[in-house]
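Here's the structure we're looking at; comments come further down.
The values are calculated or read from the model by the stated rules, or taken from the named source; none is laboratory data. None of the values given here were measured: they were computed from a predicted structure. Ideal geometry is used to build each Cβ from the backbone, glycine not excepted, and the neighbour counts take in all protein chains shown. Only protein heavy atoms, including side chains, enter the accessible area calculation; ligands, DNA and RNA are left aside. Shrake-Rupley method; radii C 1.70, N 1.55, O 1.52, S 1.80 Å.
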Amino acid sequence: MTATAALPGRLPALWLRAERGLDKAAGGTVHNPLRHLGALGFLCFWLLAISGIILYAVLDTSATGAYRSIADMSRLPWYLGGWLRSLHRYAADAFVVFTLAHLAREWLLGRYRGFRRFSWLTGVPLLLFVFACAIGGFWLNWDRLGQFSAIATAEWLDALPLFGSPLTRNFIDVAAVSDRLFSLFVFVHLGVPLLLVFGLWFHVQRIARAAVFPPRPLALAMTATLIALSIALPVVSQGPADLAQAPVSVDLDWWLLFVHPLMYASSPITVWLASGAALALLFALPYLPQPARPAVAVVDPANCNGCRRCFDDCPYAAISMVPHPNARIGRQLAVVQADLCASCGICVGSCPSATPFRSVAELVTGIDMPQQPLDALRRQLQHQLEAVAHERPIVVFGCDRGAQVGALGGSSVTTISLICIGQLPPSFIEYALRGGAAGVLVSGCRSCEYRLGARWTEERLGATREPRLRASVPRERIALAWADAGDEPRLRSALSALQDRVAALPAPAEENAIHE
C-alpha cells in the first residue's frame, strides 16, 4: 500500500492524537474545543442571533440608508456598542469554521452510519442555509464588498435556467437597486436563519440531551475572544456601493465568500457541478457498504417493571414507553426502536433488575444485550474470581472503545471488557468486592463514544443517579480511569495507583460469600 492510499486510514488516528494532545494542554476534555465543535457552533449561532437582533433595530433597510446606518454604528465607541457589527461578522466566521470542523470530525470518525444516519442527513442541508444566510448578510451593508457579492451571486444563479430574466439586470444602474430589492435582501438574511433554527432543532431531535451550549468555561473563553477581536480589529465598510463602476479591489472574507473567486477562476457551471457533487457525496455516505450491525437491546416484558430508567438514560432516544401488555394500571413497558439503537448497552446499566445478587440460576433482566448478556458477565466474573481467589485480585472493568483492558491481565489482575462502560450496573462492583476482589478499577473512553456512558457511570458511582452504588461499598477500593484507545499507559498508571492504595488497607475481617 502506498503512503497516499494509506493516508485516509491514518486521518482518524491523527485527529484523535490531536484531540488527546489538546486534552493535556487544556487540562481535560471539558476545556478542549475539539471535543465540543458542535456545541461551539451553537454558541456562535446564539451570538449571531443576539447581535443580529440589535443590529436590525438600528439598521435603515432602505437602499440609500443601509450603508450609512451601519457606518454610523461602527463609529460608536466600543462601550456604546461599536463592536457589535464586528462581533456579528467574527461570530459568523467562527460559526462556519466550527460547523465545517464538526462535519469533518464526524466524517473522519465514521459517525454517519446506522443510528447516526438521521443526524448526518439532517445536518448536511444546514450547510446550504448557513452560506445563504452569510452571503446575504454582506448585501445589507451595501458597500463595495456587498455590491461585489450581490452581482457575483446573481451571475452564479443566472447560470441556471430558473428565472425568466437575468438577475444581473437588478444591478444595471443605481435606480435598479430599489427599496423593494432591499426588502428581498432583508428577507434572505432574516428568513433563512429562521429556517436554520428549525433545521438545527430537527438535527438534534434523535439525540437525547443534545449539547447546544458548550461547557461554561469554554463558552466564556470563546465569547471573550470574539469580543476582544471585535474591539482590537474592528470590521469596517469598504466604501459605499457604486453601480457606475465595478469594484476593482475588495477585502474578501474567504470563510464566507470563497465561492465568488472560485466562480471567476473557473465558471459558474463548474462551481454548480462541484457543489452538487460534494453534496451528493455527503448524502450518499450513510448508504455506502458498512460492517454488519451489532444486535440491538432486547426487552424482556416479564422482567420490565416500567421504571423508565432506560428511557431516561438512552443517549439517542431509542427507547419509548408503552402500556404494559399485562394490562396493570399505570404500568409501562420499554420498547426499543431498532433503527435508533446504538447497541451501546447503557440502558442495561440503568435497569434495576440488572443486579448479580439475584438468587436465580440464570440472570434475566428487563433489558439486555444479546451479544453480551449480563448472565454471561456474572458467570465470567465468578469464574475469574474463583480462578485467582488466593491472590485477592484487582478487577478491571473496561469498554471495547477505550483503552484495552486485556493487556493488564495477570495473576493479580482480572479484566472484563464491556460494549460501553455505561453497560456496567454499579452492583457488579459490590459483587466483585464481596467475591474476593481487593479493588475495582472502572475504565472507559475519556470522551464517550456513545456520549453519555462515562457521565452516567460517574453519577451512578457517585450515588447521584439511579441505580446507585450503595453507601456501604468501600470507596477507597474503587478507582475510575478514563482512557481512550491507544492510551493504555494511563490505564496502567491508574491500576498501579489502585494496587498501592489497596495494599496499604487492612484486609477485611470477613469475606462476604456470593450466593446466586
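List the helices (runs of 4 or more DSSP H) inside the range 63-131, counting only whole elements, that have at least 1 residues being under 27 Å from GLY239 (Cβ atoms) and acidic (Asp, Glu).
66-74, 84-108
Mind checking whether some residue in the range 240-255 is closer than 24 Å to SER86 by Cβ, assigned to a loop (DSSP other than H, G, I, E, B) and among the hydroxyl-bearing types (Ser, Thr, Tyr)?
Yes.
Looking only at residues in the range 254-269 that are open to solvent by 70 Å² or more (accessible area, probe 1.4 Å) and more than 33 Å from the chain's Cα centre (by Cα), which one is nearest to ILE151 (Cα to Cα)?
TYR264
Looking for whichever is over 27 Å from ASP312 (Cβ atoms), touching a Leu at 6+ places or on another chain (Cβ under 9 Å) and either of a type outside the set (Ser, Thr, Tyr) or open to solvent by 20 Å² or more (accessible area, probe 1.4 Å) (or both) here; the options are LEU461, LEU433, LEU480, LEU498. Which one fits? So that I can check it myself, show each step before the final result.
Values: LEU461 fails: over 27 Å from ASP312 (Cβ atoms); LEU433 fails: touching a Leu at 6+ places or on another chain (Cβ under 9 Å); LEU480 fails: over 27 Å from ASP312 (Cβ atoms).
Within the list LEU461, LEU433, LEU480, LEU498, the selection yields LEU498.
Being aliphatic (A, V, I, L, M) and more than 26 Å from the chain's Cα centre (by Cα) is the filter; apply it to the range 278-320 and report the residue that is least open to solvent (accessible area, probe 1.4 Å).
Looking at residues that are aliphatic (A, V, I, L, M) and more than 26 Å from the chain's Cα centre (by Cα), I get VAL299.
Can we say SER149 is outside any helix (DSSP H, G or I), of a type in the set (Gly, Ala, Ser) and either crowded, with 18+ Cβ neighbours inside 10 Å or free of Cβ contacts under 8 Å to residues at least 40 places away in the same chain (or both)?
no
Does VAL124 satisfy the condition of being open to solvent by 30 Å² or more (accessible area, probe 1.4 Å), touching a Phe, Trp or Tyr at 6+ places or on another chain (Cβ under 7 Å) and either within 22 Å of VAL192 (Cα to Cα) or at pLDDT below 90 (or both)? Don't jump to the end; show me each part of the working.
Details: open to solvent by 30 Å² or more (accessible area, probe 1.4 Å): no; touching a Phe, Trp or Tyr at 6+ places or on another chain (Cβ under 7 Å): yes; either within 22 Å of VAL192 (Cα to Cα) or at pLDDT below 90 (or both): yes.
The answer is no for VAL124.
Under 6 Å between Cβ atoms, at least 6 apart or on separate chains: pull out the pairs that start in the range 13-42 with a residue that is assigned to a helix (DSSP H, G or I) and end on any residue that is of a type in the set (Ser, Thr, Tyr) and surrounded by 12 or more Cβ atoms within 10 Å (Cβ to Cβ).
ASP23/THR29; ARG35/THR29; ARG35/SER447; GLY41/THR99
Tell me, please, whether a residue that is part of a loop (DSSP other than H, G, I, E, B), aliphatic (A, V, I, L, M), out of contact with any Phe, Trp or Tyr (no Cβ under 6 Å at 6 or more places or on another chain) and under 30 Å from LEU128 (Cβ atoms) can be found in the range 335-348.
no
What are the pairs, 6+ residues apart or on separate chains, where a residue within the range 345-357 that is under 11 Å from LEU424 (Cβ atoms) has its Cβ under 8 Å from a residue that is part of a loop (DSSP other than H, G, I, E, B) and of a type in the set (Ser, Thr, Tyr)?
Close Cβ pairs (under 8 Å, with a partner that is part of a loop (DSSP other than H, G, I, E, B) and of a type in the set (Ser, Thr, Tyr)) amount to ILE346/TYR450; VAL348/THR365; ALA354/THR365.
Could you please let me know if PRO12 is open to solvent by 20 Å² or more (accessible area, probe 1.4 Å), modelled with pLDDT under 85 and not hydroxyl-bearing (Ser, Thr, Tyr)?
yes
Applying the selection to the range 324-366, what residues are polar (S, T, N, Q) and within 32 Å of the chain's Cα centre (by Cα)?
Answer for the range 324-366, where residues must be polar (S, T, N, Q) and within 32 Å of the chain's Cα centre (by Cα): GLN332, GLN337, SER343, SER350, SER353, THR355, THR365.
Can you tell me which residue is nearest to the chain's Cα centre (by Cα) among those in the range 57-81 that are among the hydrophobic types (A, V, I, L, M, F, W, C), open to solvent by 50 Å² or more (accessible area, probe 1.4 Å) and at pLDDT 85 or above? Steps first, please.
Here is the first cut: in the range 57-81, the residues among the hydrophobic types (A, V, I, L, M, F, W, C) are 57-59, 63, 66, 70-71, 73, 76, 78, 80.
Keeping just the survivors that are open to solvent by 50 Å² or more (accessible area, probe 1.4 Å) gives 57-58, 76, 78, 80.
Next, only the ones that are at pLDDT 85 or above stay: 57-58.
Working: ALA57: 34, VAL58: 36 Å.
Top of the filtered list is ALA57.
Please pick out the residue among HIS36, HIS31, HIS88 that is farther than 16 Å from THR225 by Cα and in contact with a helix residue (DSSP H, G or I) (Cβ under 7 Å, 6 or more places away or on another chain).
HIS36
Would you mind stating whether GLN384 is over 29 Å from CYS304 (Cβ atoms), among the polar types (S, T, N, Q) and buried (at least 17 other Cβ atoms within 10 Å of the Cβ)?
So GLN384 fits the description; yes.
In the range 163-174, what residues are farther than 13 Å from ALA241 by Cβ and open to solvent by less than 90 Å² (accessible area, probe 1.4 Å)?
Those that are farther than 13 Å from ALA241 by Cβ and open to solvent by less than 90 Å² (accessible area, probe 1.4 Å): SER165, PRO166, LEU167, THR168.
Just one of the numbered conditions (1) closer than 24 Å to ALA241 by Cβ; (2) open to solvent by less than 20 Å² (accessible area, probe 1.4 Å) is not true of GLY41; which one?
Single failed check for GLY41: (1).
What about PHE213, is it out of contact with any Lys or Arg (no Cβ under 7 Å at 6 or more places or on another chain), at pLDDT 85 or above and either β-branched (Val, Ile, Thr) or surrounded by 17 or more Cβ atoms within 10 Å (Cβ to Cβ) (or both)?
Judged against the criteria, PHE213 is not a match.
Please go through the range 216-231 and pick out each residue that is touching a His at 6+ places or on another chain (Cβ under 7 Å) and surrounded by fewer than 18 Cβ atoms within 10 Å (Cβ to Cβ).
Matches in the range 216-231: PRO217 only.
Hey, ILE207 hits all of (1) in a helix (DSSP H, G or I); (2) aliphatic (A, V, I, L, M); (3) in contact (Cβ under 8 Å) with a residue 40 or more places away in the chain but one; which does it fall short on?
The number of the failed condition is (1).
If ILE54 satisfies every condition in (1) touching a helix residue (DSSP H, G or I) at 6+ places or on another chain (Cβ under 8 Å); (2) among the aliphatic types (A, V, I, L, M); (3) open to solvent by less than 50 Å² (accessible area, probe 1.4 Å); (4) assigned to a helix (DSSP H, G or I) but one, which is the exception?
(3)
Among (1) closer than 21 Å to ALA284 by Cβ; (2) open to solvent by 20 Å² or more (accessible area, probe 1.4 Å); (3) within 17 Å of the chain's Cα centre (by Cα); (4) not basic (Lys, Arg), which single condition is PHE129 missing?
It is condition (3) that PHE129 fails.
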